[in-house]
Amino acid sequence: MQEWLKNAVFYEIYPQSFKDSNADGIGDFQGIIEKLDYIKDMGFTAIWMNPCFASPFYDAGYDVEDFYHVAPRYGTNEDLRRLFEEAHKRGIRVLLDLVPGHTAVTCKWFKESMKDEQNPYTNRYVWTNDLNTNQGEIRNLNGFIAGFSERLGACGVNYFTTQPALNYGFAKVTKSWQFEVNSPEATATRDELINVMRFWLGMGCDGFRVDMAAYLVKADDNEYTATIKLWQTIFRIIRPEFPEAVFVSEWGLAKQAIAAGFDMDFMLANSLSRYGDMCRCENSFFSGQSKVDITRWLEIYMENYRKTCEKGFICFISGNHDVKRAAYYLDDTRMRLMFAFIMSMPGVPFVYYGDEIGMRYIENLKSVEGGYHRTGARTPMQWNHSTNAGFSSASAEDLYIALDHSKDRPNVMAQQSEPDSLLNCVKELIRIRKENEPLQSEGEFVPVHINNQYPFVYLRKGNEKNILIAINPSEKTEECICSMETVKVLYHFHGEAVIEDNKLKVPPLSVSYIEVK
Ligand code: GLC
Ligand code: CA
């Protein structure tokens, strides 16, 4: 386990929308460099940046055209190297976004692969040998496209039809066009991926967030056995070369992702984790509606937590570029409770840019670069009261995605000068986490009162002290049995929780971090 992850707090940056330094309406590396002091001042220790590679942008850059060059809109490879250096000077690490499963249709590999004559890229993708696209369902493949290539065949895709699937082989070969995982064709793809990692890690990048990490080997079993094995091989090669590098997977099932060799995996709000019921749906538990059943989430979390303890981490996120922003579901007060929750859970917390000021999800925006419903969660960062909220000095029509137009849109500068702002609350919570070892990635997690009734209470156990977290998203005082004793209240918002007569009483809409014995 990487030492630096013990008290890491990540900030996710969608580079298009963070800060535009040259008035072309789109964010860039220089813009991010200009904001590193802000990121540091907030207490973040690392950045995950969404894909910044050359791309036709049919899926915001998750369709990579050239894995070895950044998209000119963001700057040059040299500028990215400078971003790594400037970040490192401030003690901040930078993870890039690695898309291992597919490329853009404009990628040179794919263009070669479409040709009729044999070449080194002929089998770089998952191709059938006829035009029959009705191949039935193949696990970890999102269908086939056909009718655009010189060669006869249909090509498997991973996500959009503009994202042809790279060939890492099939766990079970049942058709003549399928390759074994250990075939030279499949291992050539793997080796190229390792080269890509080496290239950026060698330049100073500190690791990768890995996109759709579970989707490499096709027709894999329910346990992802072959994909896990593939990642283990990759890590066996790359880790000794870059021992400090960190890899976080978009997998959504930590026990498998950590077994595959990732340092950490995201807690995603999907049907696998049931986490949506907690924070990310209408009437979620954190919104104060105790109508949802969170016991299933807890069960799944505890199973994954126990299986991954001491091997890797589960990452709680405030949101990301794929989902509606937290502020869509939670009011300002409950946003704070949510932040107090993710900042006191085991593993490594991630804050999505703008969530620290409660940026809104903007409904009904025209889709930009394959964003569709996600576009509203990707609007430009709101820095201050000046033109375009300080994001860019381009004219408003030239902005890559329209800004939140509401008059009362939140911004960084205003919140920095207001002691009780959400921004200052998040900053304080990060500071407290970094000062208290039990709250960090490795402190033990023990549920105290986690069921469908409020309050929501758990203990974080450290080497020297234990901290009780009591959160009450409801509008009345809630209590539960508790036989611990208060040593010191480390943090509270909206009134302190008190322990008396073996009962913990938690005021309405409050959170407390209490050192207990
Ligand atoms: C991941 C990304 C998402 C992208 C998809 C395809 O889920 O987070 O933004 O569209 O993979 O690469
Ligand atoms: Ca720019």
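The values are calculated or read from the model by the stated rules, or taken from the named source; none is laboratory data. This one's a predicted model, so the numbers in the text were calculated from it and none came from an experiment. Positions of Cβ are generated from backbone atoms using ideal geometry, with glycine treated the same way; all protein chains shown enter the neighbour counts.
Would you please list the contacts, defined by Cβ atoms under 8 Å and residues six or more apart or on different chains, that run from a residue in segment 301-317 that is more than 15 Å from Met1 (Cβ to Cβ) to a residue that is loosely packed, with under 15 Cβ neighbours inside 10 Å?
Met302/Pro447
Kindly check whether there is at least one residue in segment 211-234 that is modelled with pLDDT of 95 or more, more than 28 Å from Lys108 (Cα to Cα) and among the hydroxyl-bearing types (Ser, Thr, Tyr).
For segment 211-234, residues modelled with pLDDT of 95 or more, more than 28 Å from Lys108 (Cα to Cα) and among the hydroxyl-bearing types (Ser, Thr, Tyr): present.
Kindly indicate the residue of segment 301-319 that is in a loop (DSSP other than H, G, I, E, B) and among the hydrophobic types (A, V, I, L, M, F, W, C) and also farthest from Gly252 (Cα to Cα) among those meeting that condition. Write out each step before concluding.
Here is the first cut: in segment 301-319, the ones in a loop (DSSP other than H, G, I, E, B) are 309-312, 316, 318-319.
Now restrict to residues that are among the hydrophobic types (A, V, I, L, M, F, W, C): 309, 316.
Numbers: Cys309: 16, Phe316: 11 Å.
Restricting to residues being in a loop (DSSP other than H, G, I, E, B) and among the hydrophobic types (A, V, I, L, M, F, W, C), the top hit is Cys309.
Out of Val210, Val217, report the one residue that is hydrophobic (A, V, I, L, M, F, W, C), at negative phi and within 16 Å of ligand 1 (Cβ to nearest atom). Outline the logic, then answer.
Values: Val217 fails: within 16 Å of ligand 1 (Cβ to nearest atom).
Going through Val210, Val217 in turn, just one is hydrophobic (A, V, I, L, M, F, W, C), at negative phi and within 16 Å of ligand 1 (Cβ to nearest atom): Val210.
Determine if segment 395-413 includes at least one residue that is within 22 Å of Met338 (Cα to Cα) and among the polar types (S, T, N, Q).
Yes.
Against the conditions (1) surrounded by 22 or more Cβ atoms within 10 Å (Cβ to Cβ); (2) in a helix (DSSP H, G or I), where does Ala470 fall short? Just the number, please.
That leaves (2) as the condition not met.
Quick check on Arg151: is it basic (Lys, Arg) and crowded, with 16+ Cβ neighbours inside 10 Å?
no
Based on what the data block shows, is Asp322 in contact with a helix residue (DSSP H, G or I) (Cβ under 7 Å, 6 or more places away or on another chain), at pLDDT below 95 and either within 16 Å of ligand 1 (Cβ to nearest atom) or not in a helix (DSSP H, G or I) (or both)? Lay out the reasoning, then the answer.
Working: in contact with a helix residue (DSSP H, G or I) (Cβ under 7 Å, 6 or more places away or on another chain): yes; at pLDDT below 95: no; either within 16 Å of ligand 1 (Cβ to nearest atom) or not in a helix (DSSP H, G or I) (or both): yes.
The answer is no for Asp322.
Would segment 367-375 turn up any residue that is buried (at least 24 other Cβ atoms within 10 Å of the Cβ) and either basic (Lys, Arg) or without any contact (Cβ under 8 Å) to a residue 24 or more places away in the chain (or both)?
Residues of segment 367-375 buried (at least 24 other Cβ atoms within 10 Å of the Cβ): none.
Within segment 367-375 (the criterion being buried (at least 24 other Cβ atoms within 10 Å of the Cβ) and either basic (Lys, Arg) or without any contact (Cβ under 8 Å) to a residue 24 or more places away in the chain (or both)), the answer is no, since none of the residues qualifies.
Working only within segment 382-417, note down all residues that are in contact with a Ser or Thr (Cβ under 8 Å, 6 or more places away or on another chain) and among the polar types (S, T, N, Q).
Result: Thr387, Ser393, Gln415.
Counting just the residues of segment 459-494 that are without any contact (Cβ under 8 Å) to a residue 40 or more places away in the chain and β-branched (Val, Ile, Thr), which one comes out nearest to Thr333 (Cα to Cα)?
Residue satisfying both the conditions and the ranking: Thr477.
Only one of Phe262, Phe339, Phe235, Phe247 is more than 16 Å from ligand 1 (Cβ to nearest atom) and either closer than 25 Å to Ala377 by Cβ or part of a loop (DSSP other than H, G, I, E, B) (or both). Can you tell me which?
Working: Phe262 fails: more than 16 Å from ligand 1 (Cβ to nearest atom); Phe235 fails: either closer than 25 Å to Ala377 by Cβ or part of a loop (DSSP other than H, G, I, E, B) (or both); Phe247 fails: more than 16 Å from ligand 1 (Cβ to nearest atom).
Every option except Phe339 fails the conditions.
So which residues in segment 146-188 are of a type outside the set (Gly, Ala, Ser), touching a strand residue (DSSP E or B) at 6+ places or on another chain (Cβ under 8 Å) and more than 18 Å from Glu65 (Cα to Cα)?
Keep residues of segment 146-188 that are of a type outside the set (Gly, Ala, Ser), which gives 148, 150-152, 155, 157-164, 166-168, 170, 172-175, 177-182, 184-185, 187.
The next check asks that each one be touching a strand residue (DSSP E or B) at 6+ places or on another chain (Cβ under 8 Å); those that pass are 151, 155, 157-159, 161, 163-164, 166-168, 170, 173, 177-181.
Arg151, Tyr168, Phe170, Val173, Trp177, Gln178, Phe179, Glu180, Val181, listed by residue number.
Under the condition of being farther than 25 Å from Phe10 by Cα and β-branched (Val, Ile, Thr), which residue from segment 56-112 is surrounded by the most Cβ atoms within 10 Å (Cβ to Cβ)?
Once the filter is applied, the top-ranked residue is Thr103.
For segment 133-152, enumerate the residues that are among the small types (Gly, Ala, Ser) and either modelled with pLDDT of 95 or more or within 16 Å of ligand 1 (Cβ to nearest atom) (or both).
Taking segment 133-152 and keeping what is among the small types (Gly, Ala, Ser), we get 136, 143, 146-147, 149.
Those that are among the small types (Gly, Ala, Ser) and either modelled with pLDDT of 95 or more or within 16 Å of ligand 1 (Cβ to nearest atom) (or both): Gly143, Ser149.
Any idea which residue in segment 399-438 is nearest to Tyr372 (Cα to Cα), counting only those that are of a type in the set (Lys, Arg) and surrounded by fewer than 21 Cβ atoms within 10 Å (Cβ to Cβ)? Talk me through it step by step, then tell me what you get.
Residues of segment 399-438 that are of a type in the set (Lys, Arg), as a first pass: 407, 409, 427, 431, 433-434.
From what is left, the residues that are surrounded by fewer than 21 Cβ atoms within 10 Å (Cβ to Cβ) are 407, 409, 427, 431, 434.
Numbers: Lys407: 25, Arg409: 22, Lys427: 32, Arg431: 36, Lys434: 37 Å.
Looking at residues that are of a type in the set (Lys, Arg) and surrounded by fewer than 21 Cβ atoms within 10 Å (Cβ to Cβ), I get Arg409.
For segment 453-466, does any single residue satisfy the condition of being over 23 Å from Asn424 (Cα atoms), in contact with a Leu (Cβ under 6 Å, 6 or more places away or on another chain), among the hydrophobic types (A, V, I, L, M, F, W, C) and not in a strand (DSSP E or B)?
Within segment 453-466, not a single residue is over 23 Å from Asn424 (Cα atoms), in contact with a Leu (Cβ under 6 Å, 6 or more places away or on another chain), among the hydrophobic types (A, V, I, L, M, F, W, C) and not in a strand (DSSP E or B).
State yes or no: is Pro380 surrounded by fewer than 19 Cβ atoms within 10 Å (Cβ to Cβ) and either in contact (Cβ under 8 Å) with a residue 60 or more places away in the chain or of a type in the set (Gly, Ala, Ser) (or both)? Let's see the steps before the verdict.
Values: surrounded by fewer than 19 Cβ atoms within 10 Å (Cβ to Cβ): no; either in contact (Cβ under 8 Å) with a residue 60 or more places away in the chain or of a type in the set (Gly, Ala, Ser) (or both): yes.
So Pro380 does not fit the description; no.
I want to confirm something. Restricting to segment 1-58 and keeping residues that are within 16 Å of ligand 2 (Cβ to nearest atom) and of a type in the set (D, E, K, R), which single residue is nearest to Ile432 (Cα to Cα)?
Across segment 1-58, the extreme among qualifying residues is Lys35.
Any idea how many residues of segment 362-398 are outside any loop (DSSP other than H, G, I, E, B), under 25 Å from the mean Cα position of the chain (by Cα) and polar (S, T, N, Q)?
1
Under 18 Å from Ile471 (Cβ atoms), more than 18 Å from the chain's Cα centre (by Cα) and assigned to a helix (DSSP H, G or I) - does that describe any residue in segment 275-283?
yes
Name the single residue that is surrounded by the fewest Cβ atoms within 10 Å (Cβ to Cβ) among those in segment 154-184 being among the small types (Gly, Ala, Ser) and under 21 Å from Met212 (Cα atoms). Spell out the reasoning first.
Taking segment 154-184 and keeping what is among the small types (Gly, Ala, Ser), we get 154, 156, 165, 169, 171, 176, 183.
Imposing the further condition that a residue be under 21 Å from Met212 (Cα atoms) reduces the set to 156, 165, 169, 171.
Values: Gly156: 24, Ala165: 25, Gly169: 24, Ala171: 21.
Ranking the qualifying residues of segment 154-184, first place goes to Ala171.
Residue-by-condition table, conditions (1) within 10 Å of Ala171 (Cβ to Cβ); (2) basic (Lys, Arg); (3) in contact with an Asp or Glu (Cβ under 9 Å, 6 or more places away or on another chain); (4) surrounded by fewer than 14 Cβ atoms within 10 Å (Cβ to Cβ):
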residue: Ala214; (1), (2), (3), (4): no, no, yes, no
residue: Lys218; (1), (2), (3), (4): yes, yes, no, no
residue: Asn222; (1), (2), (3), (4): no, no, no, yes
residue: Ala226; (1), (2), (3), (4): yes, no, yes, no
residue: Lys229; (1), (2), (3), (4): yes, yes, no, no
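Just the residues that are over 28 Å from Asn129 (Cβ atoms) and under 23 Å from the mean Cα position of the chain (by Cα), please, taken from segment 172-195.
Residues of segment 172-195 over 28 Å from Asn129 (Cβ atoms): 194-195.
Result: Ile194, single match.
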